[in-house]
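A short write-up of the structure that comes next.
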Amino acid sequence: MKVVISGFYGLGNTGDEAILEAIVDNLRNEIKDIDITVFSLSPEQTAKEHNVKTVYRGWRHDNKGKIRALRQADLLISGGGGLLQDTYPTKFLFGPLPYYLLIAFLAKLCGAKVMFFSQGIGPVTSTWGKILMKVFANRADFVTVRDQYSKDYLYNLGVKRPETVVTADIVFAFQKKPDDSCLKSLPLKGHEKLVAVSTRPWFEHDDYYGKLAEVLDELIATEGITPVFVPMEGHHDVDASKRVMQLMTRADDCFLLGGDFTPNQYLNFIGECEMTIGLRLHSLIFSALSHVPHIGISYDKKVESLLKRSGMWEYSFPLEAFDPAKMKENARYVLANRSELSKVVAGNAAEMRREALENIELLKKKFM
């Protein structure tokens, strides 16, 4: 079987790279002699890391390579992650939403089947975005989404033709390999109470940096934690982490990991922590996978959906309702009850892993 995988790959986003690794590893486990080609913005790096064929993903060059790969493919896997959204401005042919839909349409023209795979849908608010979704997403042969919200969102956009099944984020099927590179990179003494912290820039919401700094300062003073910032998207998250640290009075008690570790290395590090406080969806997924209790700051419905499924929503906050005093209280509770909460997270993560693996089983059932 020959497949092409289209997604936000080769751009240094840890969550998306974890998605790709999970898809590739599980396809190889389940389908004998599978032939995989990935559309990537860094094709040489992606080929080396995953031992796959690659084609440059953008429209600027190698469009013949894209067409050739799709003509040879049995199936285009579009996903996973939040590809079908227009949070960033969408014009007729520009932006992530039209790109992924046009790749899917091109695949159909080339004779390949199309599966939207383990996706989180939305927001889609622009007029062009809604039109493109209704015209092109309805041409997919099969869809799996990572939460019920996404299934309902597709229906409300008028995407009703392809069968759509709710599963879970494919990263819950990530195959962890031992690697302590992150820990070794830090000058730790061995007795620290590590707390992973994941930040990100998010449009006009700059006030959360100061609020998070206040929370971390007090938890260092009263709970003896050692915050470690885990940048999930290179320099963007490194810069956001530094902004928080600049507002702290006890920044010298924190550490900042480099922004160039692999998803597997970050996953192994988060597994060594007492707790995670994070915005990035996949920092929270890594925490759930590692049975680490977590407090999320939800900037998007996908984060809220994950926190509800992991059992940690009652301790978390929408970004616009981030209350530092309440977060301090919740963090103390989570730290004091870590063992009990870890069991809750572990049980929920096991269920989501089963659902994540269903993405692969459904692919085999529908297309083999």
Between helix 338-367 and the chain: long-axis angle, C-alpha atoms, 0 to 90°, nearest 10
10 degrees
1.4 Å probe accessible area per residue over the chain, in Å²
42 Å²
How charged is the neighbourhood of E21? Take every other residue with its Cβ under 14 Å from the Cβ of E21, and add Lys/Arg as +1 and Asp/Glu as -1.
-2
Can you tell me the dipole magnitude for the range 229-368 around its Cα centre, using point charges on the Cβ only (Lys, Arg +1; Asp, Glu -1), in Debye to the nearest 20?
420 debye
Run the helix sum for the chain: -39,500 (n - 2.57) per DSSP H stretch of 4+ residues, divided by residue count, reported at 222 nm to the nearest 500 deg cm²/dmol.
-14500 deg cm²/dmol
Over the range 103-227, how many percent of alpha carbon pairs lie in each 5 Å bin up to the one with the longest distance?
2, 8, 12, 12, 12, 11, 11, 10, 9, 7, 5, 1, 0
Relative contact order for the range 1-141: what is it in percent, counting Cα pairs under 8 Å that are at least 6 residues apart?
24 percent
Sequence gap at least 6, Cα distance under 8 Å: using those rules, report the relative contact order of the chain to the nearest whole percent.
15 percent
For the range 200-352, shape from the Cα gyration tensor axes a ≥ b ≥ c, cut at a/c of 1.5 then a/b versus b/c, turns out rounded
If one takes the longest principal axis of the Cα atoms in the chain, at what angle in degrees, from 0 to 90 and to the nearest 10, does the Cα axis of helix 63-72 lie?
70 degrees
Determine the relative contact order of the range 216-286: mean sequence separation of Cα pairs under 8 Å and six or more apart, normalised by residue count, in whole percent.
32 percent
State the percentage of accessible surface on the chain attributable to carbon and sulfur atoms; use a 1.4 Å probe and exclude ligands, DNA and RNA.
50 percent
How far is helix 127-136 tilted, in degrees, relative to the longest principal axis of the Cα atoms in the chain, given as a value from 0 to 90 rounded to the nearest 10?
50 degrees
At 7 Å along Cα-to-Cβ for each site, give me the label-to-label distance between T125 and E329 in nm.
3.1 nm
Which value, in debye to the nearest 20, gives the size of the charge dipole of the chain about its Cα centre, when Lys and Arg are +1 and Asp and Glu are -1 at the Cβ?
1700 debye
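The values are calculated or read from the model by the stated rules, or taken from the named source; none is laboratory data. All values derive from a computational prediction rather than experimental measurement. Cβ coordinates were reconstructed from backbone atoms using ideal geometry, including for glycine residues, and neighbour counts include every protein chain displayed. Calculation scope for accessible area: heavy atoms of the full protein, side chains included, ligands and nucleic acids excluded. Shrake-Rupley method; radii C 1.70, N 1.55, O 1.52, S 1.80 Å.
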